[in-house]
Structures are given as structure tokens and as C-alpha cells.
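Let me begin by presenting the structure, written as C-alpha cells, before commenting on it.
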Amino acid sequence: MPLRDHTVPVTPFRQNCSIVWCDVTHEAAIVDPGGEIPRLLAEIDRLGLTLKAIWLTHAHIDHAGGTGELARLRDLPIVGPHQGDQFWIAGLPQQSAMFGFPPAEMFTPTRWLEDGDTVQIGHETLTVRHCPGHTPGHVVFHSASAKRCFVGDVLFAGSIGRTDFPGGDHDTLIRSINERLWPMGDDTVFVPGHGPESSFGEERRTNPFVGGRWG
């Protein structure tokens with residue numbers, strides 16, 4: 001399969017940073033570089049990849065804290081999230097201080113994303129879906145060909161994203177999951193922002209927040 005990915009947990013929050021690449025061109029994007037940039041770059045080199053872009057699902061510190069540094073070091077475009085997360089980007093210095101993270105370098109996305117946009121790496125194209133609720137500007141990246149989706153903190157194995165942060169909304173999050181994620185198909189495997197992978201079908205059946213008797 002031409003699209004491949006590798007997950008590297010980073011930061012004290014064990015955030016799943018994903019390296020996504022085209023197996024034909026070996027060009028890669030990195031999804032949510034929250035921190036530990038030297039370690040992430042070492043993984044890119046170990047895999048023999050050429051890093052071309054940063055893709056952000058949302059702008060919480062554990063997902064976006066290393067973005068400015070990585071973009072500066074490798075002269076990379078920053079793609080995403082949706083503009084609804086602008087206030088989270090502006091607040092990265094406060095977030096880093098609040099949670100004990102290294103100071104985050106400020107950045108401005110090269111390209112904001114909207115629902116239905118696409119992103120490309122090598123020969124591979126992924127579809128962007130705007131999935132607010134955890135944050136107002138949260139997006140996910142879906143590869144229909146690989147049946148993979150990088151969902152950030154929208155959905156987890158057995159749980160869902162928090163909605164008690166500024167801009168969060170529980171009903172909006174559930175609507176995003178029902179209307180944006182489930183139509184991708186039960187056999188789609190998702191990489192969450194934290195914890196193990198699962199499939200949309202498994203969560204529809206067993207997740208007490210959105211599946212099973214609540215589905």
C-alpha cells in the first residue's frame with residue numbers, strides 16, 4: 001500500500017505524533033509534532049524519508065508545541081488546523097507555562113484548512129474533515145485508499161475527547177463523530193491523539209460514549 005505511517009509518542013502527555021509517507025516517493029508529512037523534535041527528526045532519518053510538511057489536527061500544546069521549532073529547522077509549511085483554533089495558537093506560550101512544557105515557538109499556519117479540503121504527500125491524497133467539539137478548529141486527515149484516519153483528540157479507543165477546555169462543546173463533538181467519522185466506514189482504522197489504535201466499527205459497537213447502547 002503506497003501510504004504508510006509510523007507513530008511516535010512524544011511529550012509527557014504521550015501524544016501520538018504520526019509520520020505519514022508515500023511509499024513510492026518517500027516524501028513525508030508529520031502530524032502533530034507536539035515536542036521532542038530531535039527525536040522526531042532522528043526517526044525521519046532512520047526511515048529514510050524526506051520531510052515535506054507539518055499537518056496539525058488542532059493547536060493544544062501537546063499536539064502543536066514543537067511546530068514552530070520544526071518548521072524553522074526544516075523550512076516546512078504548516079498545514080492546518082481550521083482557523084477556529086487561532087486563539088489556541090496565540091495562547092501557546094501560556095499553554096506551555098501552564099503545563100510545564102518547554103517554551104513554544106510561535107507560528108502562523110501556511111494554510112488554514114476547511115472541511116472537504118485535501119492534503120497531498122507524494123502520490124497520496126488525504127481528505128480533511130472539520131470535526132469541532134474538542135476544539136473549535138479541530139480537523140482530521142482521512143486516507144480512503146489506506147482506510148486510515150488521523151483523528152487527533154476527537155475519538156479514542158473506548159473514550160472521546162475532552163470538551164471542558166475553552167471552545168469545547170460535548171454535543172458538537174458527538175455530532176462530529178456521528179456525521180464526519182462514522183461515514184468513513186467501520187473498517188477504517190484510526191490513529192488517536194493518545195493511546196492505542198482502534199477502528200470506527202469497534203468504537204461504534206463498544207465505546208460507551210458514542211457506541212454500544214448509546215450509538
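The values are calculated or read from the model by the stated rules, or taken from the named source; none is laboratory data. Keep in mind that this is a model prediction, so the values were computed, not measured. Ligands, DNA and RNA are stripped out before the accessible areas are found, and what is left, the full protein with its side chains, is counted by its heavy atoms. Shrake-Rupley method; radii C 1.70, N 1.55, O 1.52, S 1.80 Å.
Per-structure values
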read-out	value
Share antiparallel - DSSP beta bridges, the range 143-215, percent rounded to 5	55 percent
Considering only the chain, percent of DSSP beta bridges that pair antiparallel, nearest 5	70 percent
Average Cα contact separation per residue, the chain, under 8 Å, 6 or more apart, as relative contact order %	15 percent
For C17, distant residues with modelled amide H under 5 Å away	V8, V10
Placed amide H near H60: partners under 5 Å, 5+ positions off or other chain	none
Surface accessible to a 1.4 Å probe, I174 within the full protein complex, Å²	40 Å²
Within the accessible area of the chain (1.4 Å probe), percent carbon and sulfur	52 percent
Span from the the range 13-60 Cα centroid across to the the range 140-161 one, whole angstrom	16 Å
Prolate/oblate/rounded label for the range 96-215 (Cα gyration tensor, a/c 1.5)	oblate
Fluctuation leader among V24, V119, V139 - the chain, Gaussian network, Cα springs under 10 angstrom	V24
Whole-Å semi-axes of the chain's equivalent ellipsoid (Cα gyration tensor)	25, 21, 15
Shape box of the range 148-215 [Cα atoms, principal axes, largest first, Å]	33, 24, 18
Accessible solvent surface per residue of the chain, calculated while the other protein chains remain in place, 1.4 angstrom probe, Å²	42 Å²
